[in-house]
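Right, one structure below, let's go through it.
The values are calculated or read from the model by the stated rules, or taken from the named source; none is laboratory data. On a predicted model such as this, the values are computed, not experimentally measured, just so you know. Here the Cβ positions follow ideal geometry from the backbone for every residue, glycine too, while neighbour counts run over all protein chains shown. Accessible surface areas use protein heavy atoms only, side chains included; no ligands, DNA or RNA. Shrake-Rupley method; radii C 1.70, N 1.55, O 1.52, S 1.80 Å.
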Amino acid sequence: MKQALFRLSRWMDGAGPDADTVISSRVRVARNVRGLPFPYLASDEQTAKVQQIITGAAAERKEAFNEFTLLLMEKLPPLEKQVLVEKHLISPFLARESHHGALLLRQDEAVSIMINEEDHLRIQAILPGLQLEEAWQEADRYDDLLEEGVNYAFDESTGYLTACPTNVGTGLRVSVMFHLPALIMTKQVNRLLGALSQVGLAVRGIYGEGTEIIGNLVQVSNQITLGQPEEEIIRNLSGVTRQIIAQEQAARQALLNDSRARLADRSWRAFGLLKNAQIMSSQEAMQLLSDVRLGFDLGLIKGVDRKLLNELLVIIRPASLQLLAGKELNGDERDLERPVQIKRRLNQFKEQL
Amino acid sequence: MLCQECRKEEANVFITKIINGKKTELQLCERCARAKEELDFSFEPQFSLHNLFGGMLDESMRGSRESLRLSKAQCPTCALTFAQFSQIGRLGCSDCFGAFGDKLQPLLRRIHGSARHTGKVPRRSQSKVRFKRELDRLKEELQQKVRHEEFEQAAELRDRIKALEKDLQEGGKS
């Protein structure tokens, strides 16, 4: 196995509105081909046909799709598939369980079109910062283009038909990935997120030992896909997102006023550990990256930027680490390799300055 | 505390999910958490069949639970039966929606709070659907006018509805 380059996806570039609280905005639509069983019930021939219909429709629209690369899941090494999962470009299901699964990936990795996922077609757009509208426009555009060549399963009253009843109607899932260190530190987050789940939104966070959400990352997405037009679904999530941002900013300001020195110390200590530690778990790395990120957002720390922090968030994951190391690593070996790769990137960044 | 999954390793990943106000807590070891994709931030909802069907059957259709289970409804295209669907939680093909229509409606309403699509329409079926939505809107307006005894405007609306319906029949076969 050779060392490979790690390619940045568009969402990692750290640009975009409200990038200090919102890491990325993601939109996906689910579609199916009329007259063919959904992938899990389809025969080998039928999934092959789905792949051919969709890639065919893309190939016929050369101009619109000339920036896309077709990746067949059967041909891709497992590690590379897992890297795509870690970069949020494909689902774990497509990587591991699909039959004739394929990916049409745009060069900037902002648009990924999954074939033979749980549905025949899943079009995803993921952008940095708060850009739900823009992400929807991207997905909508490729949906229109593919529809010219694919007869979609659609019903006037039920909308787009999908394998799972939770996706029926618009087939639309939109989500925002937040970095909410201040709300979590001040323990306001549970109340806030509890309220969200009352209005038809799903909240996900990863908890470590104790009550802290690992890496202070929280994802909010819509649950309802039927009965609301796409614009309304997006407007609802955008509205809630604005409120969360405002509360996080207020909490940050309060922290800054009360304990500026303490916050700066926390960030610089985290930075020191990232630069000098010899063994590091992914949980620890995520927490340290969060501390550094907060310090950067508040102007307390130098020597990093958002792009680098986003990149590190993915590089510390198992498959990406192994790709960069150029060899397979078990859990303990990864904990040794992780600081090596982090240090390497931090040094490269320093030289660029 | 031991991992809920393997019951061997110490649990060190604690996951709390709140979906529609329902809180679930998981205590896993890192390996099991990764295996379950819980660390991957997949944003697909974890679809709980038990909750969905359980709740639906308990609330409104208690008496007909058995009849649903034994239901002979079967999709003519992919041969999936409604009983199978209620176990797997996935439909087999787009024709299942027609085959299970009456039984699916309450389920969709339970999940989404509505069973009627109001969003995007593929270009192919656009004109027809737009027509129908316009018709529905006019009919609702007509009802209102009649209720308020504004008969002159109601008559106007009625004529427009008739004209639209005629158009739909003649040109809407595409």
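Exactly one residue out of A:A48, A:A95, A:A19, A:A15 is part of a helix (DSSP H, G or I), touching a Pro at 6+ places or on another chain (Cβ under 9 Å) and more than 15 Å from A:I123 (Cα to Cα), and it is A:A95. Could you tell me which of the residues A:I214, A:I184 is outside the structural domain of A:N310 (by TED's automatic domain parsing), among the β-branched types (V, I, T), in contact (Cβ under 8 Å) with a residue 60 or more places away in the chain and on the phi < 0 side of the Ramachandran plot? Within the list A:I214, A:I184, the selection yields A:I214.
Evaluating A:I234 against the criteria (1) under 18 Å from A:G215 (Cβ atoms); (2) open to solvent by less than 30 Å² (accessible area, probe 1.4 Å); (3) touching a residue at least 60 places away in the same chain (Cβ under 8 Å); (4) assigned to a helix (DSSP H, G or I) leaves one unmet condition, (1).
Using the structure shown, decide if A:L121 is facing chain B (nearest Cβ under 8 Å) and at negative phi. So that I can check it myself, show each step before the final result.
Details: facing chain B (nearest Cβ under 8 Å): no; at negative phi: yes.
Judged against the criteria, A:L121 is not a match.
Hey, among the residues in the range B:80-114 that are more than 17 Å from A:N222 (Cβ to Cβ) and of a type in the set (A, V, I, L, M), which one's most open to solvent (accessible area, probe 1.4 Å)? Per the stated criteria, the residue is B:I88.
Test of understanding: among A:R61, A:R31, A:R10, which residue is under 29 Å from A:L132 (Cβ atoms) and in contact with an Asp or Glu (Cβ under 6 Å, 6 or more places away or on another chain)? Show your work before the answer.
On the way: A:R61 fails: in contact with an Asp or Glu (Cβ under 6 Å, 6 or more places away or on another chain); A:R31 fails: in contact with an Asp or Glu (Cβ under 6 Å, 6 or more places away or on another chain).
Matching residue, one of A:R61, A:R31, A:R10: A:R10.
It is to be established whether one or more residues within the range A:242-254 are part of a helix (DSSP H, G or I), buried (at least 21 other Cβ atoms within 10 Å of the Cβ) and under 21 Å from the mean Cα position of the chain (by Cα). Yes, the range A:242-254 has at least one match.
The set of residues in the range A:98-124 being open to solvent by less than 10 Å² (accessible area, probe 1.4 Å), part of a loop (DSSP other than H, G, I, E, B) and free of Cβ contacts under 8 Å to residues at least 60 places away in the same chain consists of A:G101 alone. Going by what's in this entry, would A:L76 be described as open to solvent by less than 40 Å² (accessible area, probe 1.4 Å), more than 14 Å from every other protein chain (Cβ to nearest Cβ) and without any contact (Cβ under 8 Å) to a residue 12 or more places away in the chain? The answer is yes for A:L76. I'd like the residue in the range B:116-145 that is open to solvent by less than 70 Å² (accessible area, probe 1.4 Å) and farther than 30 Å from A:G149 by Cβ and, out of all such residues, is modelled with the lowest pLDDT. This residue is B:L135.
Any residue that is crowded, with 20+ Cβ neighbours inside 10 Å, touching a residue at least 12 places away in the same chain (Cβ under 8 Å) and more than 26 Å from A:E248 (Cα to Cα) - is there at least one of those in the range A:10-27? No, the range A:10-27 contains no residue that is crowded, with 20+ Cβ neighbours inside 10 Å, touching a residue at least 12 places away in the same chain (Cβ under 8 Å) and more than 26 Å from A:E248 (Cα to Cα). Every test in (1) open to solvent by 10 Å² or more (accessible area, probe 1.4 Å); (2) at pLDDT below 95; (3) under 21 Å from A:D18 (Cα atoms) is passed by A:W136 save one, and that test is (2). Scanning the range A:271-283 for residues that are in a helix (DSSP H, G or I) and out of contact with any Lys or Arg (no Cβ under 9 Å at 6 or more places or on another chain) returns A:F271, A:G272, A:L273, A:Q283. For the range A:147-168, a residue qualifies if it is part of a strand (DSSP E or B), at the interface with chain B (Cβ under 7 Å from one of its Cβ atoms) and open to solvent by less than 10 Å² (accessible area, probe 1.4 Å), and the qualifying residues are A:Y152, A:G159.
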